[in-house]
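**Q** This is the structure, below, for whatever I ask next.
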Amino acid sequence: MTQDEHKEGIGGMFNPTRYGIERVAYWLMRLSGLGLLAYFIAHIYETSNILRGQVGWDEMMQMTQTLEGHIILAIVIGMCVFHTVNGVRVMLGYGGIGVGKPARPDYPYEPASQNYRHKIGIYSSIVLAAAAMMYGLAVMFGE
Amino acid sequence: MAQVSSIADEQISTPVSSSKSITLRIARYNPEHDDSSMFMEFTVPCEKWTTVLEAILEVKKYFDHSVAVRYSCRQATCGSCGMIINGKPRLACFTKISELNSDVVTVEPMNNFPIIRDLAVKFERLFDTHQKIKPYLIRDDTEIESDEKEFLQSPKEVEQYIQFANCIKCGLCNSACPTMATDSSFVGPQALAQAYRYVADSRDKGKDSRLKIIDESHGIWRCHFAGSCSQVCPKGVDPAMGIQLLRGYLLGFRS
């Protein structure tokens, strides 16, 4: 990233403050995708502990029963739900579904692709992810 | 005559408007001898109709003529004066200071474009990617040879692409795009929207060759539908819509 190219870089890519909820959804989608990838790798390591026998498995399970373990699992639940629901929205958009129809634009040029259907999809993803996290926390801390 | 005189008297006695001043912060950077950019502040008078470009030209005229800025038409048609204004890519001639609701206006060169000097950026890559998608009608015959003299289109067929023909190549969409922020090889929303403009044109027969050009690792699949390109477009082109509709062709949703 040289000054010559004058690229915004990672900071600009992740800056969610300037372009509305769609950019926030983009940011959350990428972040949750990376988070789920990290969880997937950690999960393989976690389940591979079964090769250490009953004692090794119990030790690993003990780690997930801590406060930190519960919080991490709640975040994983949230990432999973958001990534799934928002992923469906994005996939439909990729096929040109729900992005509006081309038409002669009128001032002030509200982009048809940023329509209420997609906004509802984004807000639904966030609300469902939050609800799933709260349910997960209630189950884990309710034990 | 008397009526004209009274109007003239009224204009003399009525103040045009209450003039106020704003602080204009201009990013200064010369790649030839500066290590990094710095901001220079100027206090410029403005009316409610004053545009950011007019404020910059005021600075050039009365304070510092060395400020580098590219502009031409002053009416959002030439696409020359794109820059980052208070954090967002905008056309300087199309942005009134009064609508920014701030006494401090910060102008910087567009992101994701190499800087020539101060606010002027290089457009070579934008024009290269635009040219890459073959921005012209592809077909074997021409209107000159055709018996009908012109290729007729219904209003419905025109509606399919006319929105995307409004592109003035200002580069604001490429500046706002989060993929362009990190990927130097990405084709960019401007070129992709123009690819759709020609693919959707009923007169064009070059759909397959264009889809082949954009169906590559740094092509259309790098777009993640953040939609920032559409939010900053000053002409209502909505590149995000064009890109998704174009992707519909590649995914088999459209034919």
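**Q** Could you check B:P239 against (1) farther than 18 Å from A:H118 by Cβ; (2) within 11 Å of chain A (Cβ to nearest Cβ); (3) not hydrophobic (A, V, I, L, M, F, W, C) and say which number it fails?
**A** (1)
**Q** Turning to a different aspect of this structure: Considering only residues that are closer than 30 Å to B:E99 by Cα and either within 17 Å of the chain's Cα centre (by Cα) or aromatic (F, W, Y) (or both), which ones fall in region A:93-137? It would help to see each step written out before you state the result.
**A** Of region A:93-137, the ones closer than 30 Å to B:E99 by Cα are A:99-120, A:122-123.
Passing the criteria: A:Y107, A:Y109, A:Y116, A:H118, A:K119, A:I120, A:I122, A:Y123.
**Q** Hey, among the residues in region B:121-163 that are among the hydroxyl-bearing types (S, T, Y) and assigned to a loop (DSSP other than H, G, I, E, B), which one's farthest from the chain's Cα centre (by Cα)?
**A** If we filter region B:121-163 for residues that are among the hydroxyl-bearing types (S, T, Y), which is where we start, we get B:129, B:136, B:142, B:146, B:154, B:161.
From the residues that got through so far, the ones that are assigned to a loop (DSSP other than H, G, I, E, B) too are B:136, B:142, B:146, B:154, B:161.
Working: B:Y136: 20, B:T142: 31, B:S146: 36, B:S154: 29, B:Y161: 18 Å.
Here the residue is B:S146.
**Q** Another question, then. In region B:37-59, what residues are free of Cβ contacts under 8 Å to residues at least 60 places away in the same chain, outside any loop (DSSP other than H, G, I, E, B), surrounded by 14 or more Cβ atoms within 10 Å (Cβ to Cβ) and of a type outside the set (S, T, N, Q)? Spell out how you get there, then give the answer.
**A** Within region B:37-59, the first condition is being free of Cβ contacts under 8 Å to residues at least 60 places away in the same chain, and the residues that meet it are B:38, B:40-55, B:57-59.
Imposing the further condition that a residue be outside any loop (DSSP other than H, G, I, E, B) reduces the set to B:38, B:40-46, B:51-55, B:57-59.
From what is left, the residues that are surrounded by 14 or more Cβ atoms within 10 Å (Cβ to Cβ) are B:40, B:42, B:44, B:46, B:51-55, B:57-59.
Residues satisfying the conditions are B:M40, B:F42, B:V44, B:C46, B:V52, B:L53, B:E54, B:A55, B:L57, B:E58, B:V59.
**Q** Could you look through region B:204-236, keep only residues that are of a type in the set (A, V, I, L, M) and either under 21 Å from the mean Cα position of the chain (by Cα) or surrounded by fewer than 22 Cβ atoms within 10 Å (Cβ to Cβ) (or both), and pick out the one that is nearest to the other protein chains (Cβ to nearest Cβ)? Steps first, answer last, please.
**A** Looking only at region B:204-236, we keep the residues that are of a type in the set (A, V, I, L, M), and these are B:211, B:213-214, B:220, B:226, B:232.
Imposing the further condition that a residue be either under 21 Å from the mean Cα position of the chain (by Cα) or surrounded by fewer than 22 Cβ atoms within 10 Å (Cβ to Cβ) (or both) reduces the set to B:211, B:213, B:220, B:226, B:232.
Values: B:L211: 14, B:I213: 19, B:I220: 10, B:A226: 4, B:V232: 8 Å.
So, considering only residues that are of a type in the set (A, V, I, L, M) and either under 21 Å from the mean Cα position of the chain (by Cα) or surrounded by fewer than 22 Cβ atoms within 10 Å (Cβ to Cβ) (or both), the one nearest to the other protein chains (Cβ to nearest Cβ) is B:A226.
**Q** Let me ask another. Only residues that are touching a residue at least 40 places away in the same chain (Cβ under 8 Å) and assigned to a loop (DSSP other than H, G, I, E, B): list them for region B:217-255, please.
**A** Correct list: B:C223, B:H224, B:A226, B:C233, B:P234, B:K235, B:G236, B:V237, B:D238.
**Q** Hey, any hits in region A:65-75 for a residue that's outside any helix (DSSP H, G or I) and either at pLDDT 90 or above or more than 8 Å from every other protein chain (Cβ to nearest Cβ) (or both)? Can you show your working first?
**A** So the first thing to find is which residues in region A:65-75 are outside any helix (DSSP H, G or I), and the list is A:65-66.
Retained after the next criterion (residues that are either at pLDDT 90 or above or more than 8 Å from every other protein chain (Cβ to nearest Cβ) (or both)): A:65-66.
Checked against the condition, which is being outside any helix (DSSP H, G or I) and either at pLDDT 90 or above or more than 8 Å from every other protein chain (Cβ to nearest Cβ) (or both), region A:65-75 yields at least one hit.
The values are calculated or read from the model by the stated rules, or taken from the named source; none is laboratory data. Because the structure is predicted, anything quoted here is derived from the model rather than measured. Heads up, the Cβs are rebuilt from the backbone with ideal geometry, glycines too, and the neighbour counts pull from every protein chain shown.
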